[in-house]
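Worksheet for the structure shown next.
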Amino acid sequence: MHERARSPDRIGIIGDRNAQHPLHVATEKALADAAGASAVEWLATERLARPGAVDLARYAAFLVSPGSPYESMDGALAGIRYARENSVPLLGTCGGLQHMLVEFARSVGGLPDADHAETNPDAAHLAVTPLVCSLAGQVGTVRVVPGTVAAAVYRKAEVEEPFFCTYGLNPRYRQRLESRGLVVSGIGTDGEVRIVELPAHPFFVGTLYVPQARQVPGEIHPLIRALVTAAFRSPVEGCRAALAARPESAAAAS
């Protein structure tokens, strides 16, 4: 396991920023509203693919962004694996969830060649495959499984969330991954997986939808709030306290 910094003070967005991508804009704004804009930083997947290029111990949490395929799948998987193995809070949305599934299948599920049908459709073990029906551009019902982290976050049996994806967990591997510790904590009305989590982890949740796209001014989406709370003492206040302790923050204020 990697040694973490004593005071990680920011949230890293794993993905390849595109200022014209509406979901990237929504992701930045949602995290900025919850944690403060100074605490949010993009981590390009090509950099993450180079060992030592990014000091991941500086980050209190990660959000794996929508908008895949990424420039480097290896980089995205490296960031996800770091968070999983080092108990760093992580939320993956849309393509983020899909790559969480690939990483888990490879590292824990006993499928080292597990892959994603969008980028390698001829792979022998496809952990992520096309959904029976595309959810792109839809608002769908998610049934939250009682007794899970998702249930504690939402405090509702059903929620309505925005979807932008056409890929999800290959049902062929659901039982295998569940037997290795992955928990399905939200399902669609068709029975397909919508939320997954690792209950032994401080916060490791993936959603097939994009909760940050539903955040409205003055309100923080429950999952975004939960991520930031897991990273710091509380949304905004905890993050600002961590930032205030940084020497460069004091210099900037002078």
Helix 73-85 sits off the longest principal axis of the Cα atoms of the chain, rounded to the nearest 10 on a 0 to 90 degree scale, by 70
Calculated from DSSP helices alone, with each H run of at least 4 adding -39500 (n - 2.57) and the total divided by the residues of the chain, [θ]222 nm to the nearest 500 comes to -9000 deg cm²/dmol
The exposure ranking of C165, C133, C94, fewest beta-carbon neighbours within 10 Å first, is C133, C165, C94
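Using the Cβ atoms and a cut-off under 9 Å, what net charge is assigned to the surroundings of Y209, where Lys and Arg are +1 and Asp and Glu are -1?
+1
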When I11, I220 are ranked with the fewest other C-beta atoms within 10 Å first, the list becomes I220, I11
Burial-style ranking of 66-76, 95-105, average other-beta-carbon count within 10 Å with highest first, yields 95-105, 66-76
Among (1) 19.1, 59; (2) 20.9, 65; (3) 17.2, 58, the entry matching Rg and Dmax of the Cα atoms in Å as calculated here is (3)
Treating only Lys and Arg (+1) and Asp and Glu (-1) as charged, each at its beta carbon, one finds that segment 35-143 has a dipole about its Cα centre, in Debye to the nearest 20, of 340
Interchain or sequence-distant (5+) residues whose placed amide H lies within less than 5 Å of the amide H of S68 are G95
Env charge @ I13, Cβ radius under 9 Å, K,R +1 / D,E -1, value -1
Reduced to Cα centres, the span from segment 152-167 to segment 53-81 in Å works out to 23
Residues whose built amide H sits under 5 Å from the amide H of G92, excluding neighbours closer than 5 in sequence, are V64, V205, G206, T207
Scoring only Lys, Arg, Asp and Glu (+1, +1, -1, -1) among other residues with Cβ under 14 Å from the Cβ of V145 yields +1
Along segment 145-160, Karplus-curve 3J(HN,Hα) (6.51, -1.76, 1.60; θ = phi - 60°) to the nearest Hz, with x for Gly and Pro, reads 7, x, x, 9, 4, 4, 5, 5, 6, 7, 6, 9, 7, 9, 9, 10
Bridge orientation stat for segment 19-171 from DSSP, antiparallel percent rounded to 5, came to 65
Longest principal axis of the chain (C-alpha) makes with the long axis of helix 95-107 (C-alpha) an angle, in degrees to the nearest 10, of 70
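Rule-based calculations on the coordinates, nothing more; no lab input. Because the structure is predicted, anything quoted here is derived from the model rather than measured. Cβ atoms come from the backbone with ideal geometry, glycine included; neighbour counts cover every protein chain shown.
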